[in-house]
Amino acid sequence: MKRAPAQRRLHFVVTAGPTREYVDPVRYLSNVSSGRMGFEIAAAAAARGHRATLVAGPVKLDTPRGVERIDVESAREMLAAVRRAFVAADALVMAAAVADWRPKRRLAGKWRKKDAGGESAVLELVKNPDVLATVARRKGSRTVVAFALETGDGLRRARRKLLKKNADFIVLNDETALNAERSSVTILDRQGQAQRHVGRLKRELARRLVELVERGALDVSTLGR
């Protein structure tokens, strides 16, 4: 793979995988994200000669060669790690599937609600901090790439998220991307342009995104040519 020229060496911060929000010592809320897309992006950045810091939720993936890895579990831990890493970085790629909610109270012992009888239980949740919006708010001229996983037609929601969270690009995919080697995505920019990529290897998509950040381009129409 062709390496980026030395004068263009950038520092990428990439997030990957799910987060876990514990109910008690043995139970948690999470999702099925494998983290593969974020790991591929970090690997592609490092292969191009850039510095890559990977903030990873709990996944079973090997650290890519040349990548600095920071392991976290919860959304709040991910926010703290991203804040620290992004201070001196040039780009943030938020590929992680961060939990929106967490239990209001984490129990010190095993949750034994079933022992009280009854056929239902209520678990009170509170909202997690929005990692992307919090960090991108003060990004300045740095580049931020967001991800949005939507079922059905998510273009409208993705565009709204792109602007609301102060990102430069957003990668829209659907549930078929989870735990898969290939993905079909639409990359949107702030000018309303979009480029569709169907059935591409995540490794290939990762290279495209790294090149997009390198160029600082606002036009995604050349991707995939």
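Nothing in this text is a laboratory measurement; each read-out follows from the coordinates by a stated rule. All of these numbers come straight from a predicted model, not from anything done at the bench. Reconstructed Cβ throughout: ideal geometry from the backbone, glycine too, with neighbour counts over all protein chains shown.
If I fit a long axis through the Cα atoms of helix 75-86 and take the longest principal axis of the Cα atoms of the chain, what angle between them do I get, 0 to 90°, rounded to 10?
Helix 75-86 sits roughly 30 degrees off the main axis of the chain.
Where does each of LEU10, LEU54 land when they are ranked from fewest to most other beta-carbon atoms within 10 angstrom?
Least to most surrounded, the residues fall as LEU10, LEU54.
State whether the chain is rounded, prolate or oblate according to the following rule on the C-alpha gyration tensor (a ≥ b ≥ c being the square roots of its eigenvalues): a/c under 1.5 gives rounded; otherwise a/b larger than b/c gives prolate, and the remaining case gives oblate. Display every interim value, and only then the final one.
Values: a/c = 1.96, a/b = 1.69, b/c = 1.16.
Since a/c reaches 1.5 and a/b is larger than b/c, the shape of the chain is classed as prolate.
Add +1 for every Lys or Arg and -1 for every Asp or Glu among the other residues with Cβ under 11 Å from the Cβ of ILE170, and state the total. Write down the numbers at each step before the final one.
Working: positive: ARG157, ARG159, ARG160, LYS161, LYS164, LYS165, ARG190; negative: GLU150, ASP168, ASP189.
Local net charge: +4.
If you place +1 on the Cβ of every Lys and Arg, -1 on the Cβ of every Asp and Glu, and leave all else neutral, what size is the dipole of the stretch 94-147 about its Cα centre, to the nearest 20 Debye?
Details: 13 positive and 5 negative charges, 60 e Å.
Roughly 280 debye, rounded to the nearest 20.
Report relative contact order for the chain in percent, whole number only (criteria: Cα-Cα under 8 Å, sequence separation at least 6). Let's see the in-between values first.
Values: 469 pairs, mean separation 43.5, N = 225.
Worked out over the chain, it gives 19 percent.
Got a sec? Charge dipole of the chain, +1 on Cβ for Lys and Arg, -1 for Asp and Glu; which of VAL213, ASN179, VAL93 is way out at the positive end?
Result: VAL213.
How many angstrom lie between the Cα centre of the stretch 150-213 and the Cα centre of the stretch 98-139?
28 Å
Relative to the Cα centre, what is the charge dipole magnitude of the stretch 21-173, using +1 at the beta carbon of each Lys and Arg, -1 at the beta carbon of each Asp and Glu, and rounding to the nearest 20 debye? Provide the component values of the computation, followed by the final result.
Values: 30 positive and 17 negative charges, 96 e Å.
Dipole magnitude for the stretch 21-173 comes out near 460 debye.
Counting other C-beta atoms within 10 Å, which of THR19, THR186 has the fewest, and how do the rest follow? Let's see the in-between values first.
Working: THR19 28, THR186 19.
Exposure proxy ranking, most exposed first: THR186, THR19.
Taking only Cα atoms, what is the 0 to 90° angle, nearest 10, from helix 36-47's long axis to the longest principal axis of the chain?
So the inclination is approximately 40 degrees.
Size of the dipole of the stretch 121-225 about the Cα centre, Lys and Arg at +1 and Asp and Glu at -1 on the beta carbon, nothing else charged, in debye to 20?
Details: 22 positive and 13 negative charges, 75 e Å.
With Lys and Arg at +1 and Asp and Glu at -1, about 360 debye.
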